[in-house]
Amino acid sequence: MTAALPADLFCPRVNTRLHGPALSRIVAGMWRMGEWGMTAEQRVAFIEQCIALGVTSFDHADIYGNYGVEGLFGEALRLQPSLRDRIELISKCGIKLLSPQRPQHSIQHYDTSAAHIVASVEESLRQLHTDRLDLLLIHRPDPLMAFDEIAAAFTSLRQAGKVLHFGVSNFSRHQFESLNRRIELATNQVEFSPLHTTPMFDQTFDGLQDLGVAPMIWSPLAGGRLFASSDDNADRLRLVIKGIADELNQPFASVVFAWIMQLPCRPLPLTGSGRIEAVTVAVAGTAFTLSRDHWFTILRAARGHEVA
């Protein structure tokens with residue numbers, strides 16, 4: 001944290017597309033909540049602190065924490081039911097893990113059948129102690145996925161009021177557009193950071209911008225490698241970002257989040273920390289814009305060469 005952070009930070013909201021869900025521009029990722037060592041009361045406090053910053057969207061998946069994170073979050077909602085109408089709940093399904101929590105699974109695999117999608121939603125609703133998900137994503141592309149079957153399952157869930165909006169995660173441009181032709185998709189959640197710029201160049205972001213769909217971004221800080229990796233490229237990139245952060249009197253991570261959010265496809269980055277200070281630094285990235293010189297300086301360091 002630095003003294004440069006304004007006291008009145010508040011995260012803006014965006015619609016992921018026309019008629020899509022309104023989410024906070026920074027989304028609180030719950031993947032590691034099981035590792036945070038919080039009591040249920042501390043989880044309530046953390047959710048309330050996020051809301052106070054304007055971070056109202058919380059990202060889950062059925063498999064997170066070995067099928068345990070949704071239940072931990074649900075315990076907090078049971079303790080403080082009024083929180084539910086102040087937040088947006090996002091979850092994912094479509095991966096079956098080998099787990100003592102799922103002894104019927106004999107091999108780790110994908111399952112995007114209608115039956116599995118519906119059953120996963122029912123279990124997520126039970127674990128999260130809620131009657132609806134604001135957004136449901138297919139977690140990863142499935143070689144056996146049938147677009148018509150997925151669309152039919154989504155339609156059924158929407159008609160039942162159990163899921164309000166739908167999207168995907170880790171889909172290629174063609175996969176996204178194929179399903180989007182059958183049912184309107186709100187987002188594609190993909191990996192992106194200065195150490196993983198592929199979606200910028202493989203048409204993922206271009207295709208979403210063309211459709212007016214904002215992507216969600218997982219691992220925007222490269223899983224911490226931007227801070228700690230000993231890789232030569234990461235070291236050079238870290239020094240470049242630190243130089244810009246020092247020049248702007250902004251936290252290092254805020255500069256990374258600002259760099260990501262400057263893309264015209266309007267990305268919504270996820271945090272991955274149970275420290276409210278880390279969430280605050282991410283929100284700070286919504287409050288300033290990098291110059292083109294600074295933006296391309298980071299891109300050049302990320303790619304290791306000038307633009308051609």
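The values are calculated or read from the model by the stated rules, or taken from the named source; none is laboratory data. It should be emphasised that the depicted structure is a prediction, and the values quoted were computed from it without experimental measurement. All Cβ positions, glycine included, derive from the backbone under ideal geometry; neighbour counts span all protein chains shown. Note: areas computed on protein heavy atoms with side chains; ligands, DNA, RNA excluded. Shrake-Rupley method; radii C 1.70, N 1.55, O 1.52, S 1.80 Å.
Below, the figures for the structure above:
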| read-out | value |
| --- | --- |
| Gain in span if fully extended, PHE296 to MET200, counting 0.36 nm per residue against the direct Cα distance | 33.2 nm |
| Between 0 and 90°, nearest 10: helix 69-79 axis offset from the chain longest Cα axis | 80 degrees |
| Relative contact order (%) - criterion: Cα under 8 Å, at least six apart; region: the chain | 19 percent |
| Label zone at ALA40, where the point sits 7 Å out along the Cα-to-Cβ direction: region 74-104 residues whose backbone N lies under 19 Å | 74-85 |
| Antiparallel bridge percentage (DSSP; both residues within region 1-141; nearest 5) | 40 percent |
| In Hz, Karplus ³J(HN,Hα) per residue of region 143-148 (6.51, -1.76, 1.60; θ = phi - 60°; x = Gly, Pro) | x, 9, 6, 10, 4, 5 |
| Selection from ILE260, VAL27, GLY65 lying farthest towards where the dipole of the chain points positive, charges on Cβ | VAL27 |
| Distance-filtered residues of region 187-224 - backbone nitrogen under 13 Å, label point 7 angstrom along ALA308 Cα→Cβ | none |
| Carbon + sulfur, % of accessible area of the chain - ligands and nucleic acids excluded, 1.4 Å | 51 percent |
| Kirkwood Rh in Å, taken over all unlike Cα pairs in region 165-283 | 15.1 Å |
| Solvent exposure of the chain as accessible area per residue, Å², 1.4 Å probe | 44 Å² |
| Cα convex hull of region 116-162 - mean projected area over all directions, nm² | 3.3 nm² |
| Cα-based helix-to-principal-axis angle, 252-261 vs the chain, degrees rounded to 10 | 60 degrees |
| Residue-wise HN-Hα coupling along region 203-210, computed from phi with Karplus coefficients 6.51, -1.76, 1.60 (Hz; x: Gly, Pro) | 6, 4, 5, 4, x, 5, 4, 4 |
| From phi via Karplus (6.51, -1.76, 1.60), per-residue ³J(HN,Hα) for region 211-219 in Hz, x at Gly/Pro | 8, x, 10, 8, x, 9, 10, 9, 6 |
| Size of charge dipole - the chain - debye, nearest 20, with Cβ of Lys, Arg +1 and Asp, Glu -1, no other charges | 160 debye |
| Cα convex hull of the chain - mean projected area over all directions, nm² | 16.2 nm² |
